[in-house]
Amino acid sequence: LTESLEEKVPFSLLLSRYYENELAHSSGFMNSLLKMERDLRLVLTALRAKRLGRSLKQEIPIDEHDELAALLIAEQDLPEEYTGLALLFEKHSEDPVAWQKALLEWKFNKIFEMEGSDPFSINKILGYTARLIIVETWEGS
């Protein structure tokens with residue numbers, strides 16, 4: 001047992017399996033939130049790898065059932081919902097604090113869109129909670 005756990009199982013693979021499992025067992029707002037977080041991680045990985053000139057095949061866990069991962073590995077255009085994120089990444093890539101704020105604002109707005117308009121739905125409550133966590137993250141940094 002000379003190898004560490006990190007050498008045996010890459011973190012990106014563990015994270016990929018976590019999202020795969022949770023997405024299979026969730027529904028509604030939570031499923032949308034998990035999918036957004038998973039897709040966000042994939043898109044950010046692709047943007048960083050591209051900026052550093054690294055191969056996406058080495059950076060993104062390959063899953064034949066994952067359309068977004070396949071699209072990113074093929075280095076095709078990002079889905080429309082993530083083009084704004086790519087523009088933010090390019091705009092703020094030299095300023096980590098500005099990038100963090102822009103990313104949190106992007107997530108905040110995406111979650112707000114997912115909540116829907118019914119003020120008494122569980123989606124609104126879950127969305128409010130998720131957005132509150134984002135605000136507290138920003139206030140704490």
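Some notes on this structure:
- Comparing mean-square fluctuations of GLU67, GLU105, GLU20 from a GNM of the chain with C-alpha springs under 10 Å, the top value falls on GLU67.
- Per residue of the chain, the DSSP helices (runs of n ≥ 4 H) give a summed -39500 (n - 2.57) that works out to -24000 deg cm²/dmol at 222 nm.
- Listed values (i) 0.99; (ii) 1.17; (iii) 0.95 include one computed from this model; for Rg/Rh (Cα atoms, Kirkwood Rh) that value carries the label (i).
- Percent carbon-and-sulfur accessible area, the chain, ignoring ligands, DNA and RNA, probe 1.4 Å: 55 percent
- The charge dipole of the range 44-141, taken about its Cα centre with unit charges on the Cβ of Lys, Arg, Asp and Glu (plus for the first two, minus for the last two), comes to roughly 340 debye.
- Rounded accessible area of ILE73 (nearest 10 Å², 1.4 Å probe): 30 Å²
- Whole-angstrom gap from the range 94-108 to the range 29-49, using each part's C-alpha centre: 15 Å
- Accessible area of the chain divided out per residue, in Å², using a probe of 1.4 angstrom: 69 Å²
- Residues considered: ARG17, ARG41, ARG131. Largest GNM mean-square fluctuation over the chain, using C-alpha springs under 10 Å, is found at ARG17.
- For the range 17-141: relative contact order, % (alpha-carbon pairs under 8 angstrom, 6 or more apart): 19 percent
- Tilt relative to the chain, helix 11-24 - C-alpha long axis, 0 to 90 degrees, to 10: 40 degrees
- Nearest 10 degrees, 0 to 90: helix 96-115 Cα axis against the chain principal axis: 60 degrees
- Within a Gaussian network of the chain (alpha carbon springs, distance under 10 Å), most fluctuating of SER12, SER117, SER32: SER117
- Nearest-0.05 FRET efficiency for ARG51 and GLN100, computed from C-beta distance (R0 25 Å): 0.90
- Principal-axis tilt of helix 28-52 within the chain, Cα atoms, nearest 10 degrees: 40 degrees
The values are calculated or read from the model by the stated rules, or taken from the named source; none is laboratory data. Given the structure is predicted, the values throughout are model-derived calculations rather than measurements. Note: ideal-geometry Cβ built from the backbone for every residue, glycine included; neighbour counts use all protein chains shown. Keep in mind that these areas ignore ligands, DNA and RNA; they rest on the heavy atoms of the full protein, side chains included. Shrake-Rupley method; radii C 1.70, N 1.55, O 1.52, S 1.80 Å.
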